[in-house]
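The structure appears below as structure tokens.
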Amino acid sequence: MKNTMLTLFALLFAPALLLADAGILIPRDKAQPDPAVLSLEEMEITVRIDNGDARVFVRQIFANHTDHIEEGNYIFALPSQATVSDFAVWDGPTRIPAVVLERKRAEDIYTQLKQQAIDPGLLQMGERGSEEAKRGSVFSARIVPIQPRGTKRLEIEYHQSIPVANLKSYFAIPLRTDAYSSQVARHLRINFELHSEHATSNFQASAKAFPLRLDENTPYSVKGHFA
């Protein structure tokens, strides 16, 4: 029985391939990401899985390559059962927390604040269509202003409970968006932590394309990173 429990929890908390989240910033007059206008310079993802509860923190820095103020539509696809716990836009050294609102109300407030030249920092909740909505939700935010030749830092955090099926549990963060063209990050770092009150055994990071370097590997805690 002891060996069965060890195997069960090793499977239960073993992570799937870790990739970067699909948070994209689309210029206001475009239908797809355009790196010639707004490029993703840096992305850092920190994943902490604690006894079946996943906490994911994503930090992204986008650069404006034009000589005028840009406005972007930030779109972030959430997995099923995930809940946004924090979102913030940085204006230089100042962190501006966002307010999560229903889409109609967010649009009205956004219009009013934009006329006053104030960065709204509003996160809108929407859907991706009937079939996609079954798998997850989409959160979007209007990001303005993005200064000429400047950068804009965005941060989002969400929590997700990892379900168990047939003594196995899978956790994944998609790299490629399903509705938009691919977006390339100039610099990418992934930090991973796994904590369990039940001892695990034979933890392996088997990915070849995105090898996870293990910094700590004990029966109750695993830490690693990819860059």
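FYI, it's all coordinate maths here, none of it is from the lab. Fair warning: this is a prediction, and the values are worked out from it, not measured in the lab. Neighbour counts are summed over all protein chains in view; Cβ atoms, including those assigned to glycine, are modelled from backbone coordinates with ideal geometry.
Note down the nm distance, to one decimal, between modelled labels 7 Å out along Cα→Cβ at HIS187 and at VAL164.
In this crude label model, HIS187 to VAL164 measures out at 4.0 nm.
Please go through region 147-227 and write out the trypsin sites (Lys or Arg not before Pro) that DSSP classes as loop and that have at most 11 other C-beta atoms within 10 Å.
Sparse-neighbourhood loop trypsin sites (Lys or Arg not before Pro): ARG149, ARG176, LYS208.
For a Förster distance of 30 Å, can you work out the FRET efficiency between the beta-carbons of LYS30 and ASP50, rounded to the nearest 0.05?
Efficiency at R0 = 30 Å is approximately 0.15.
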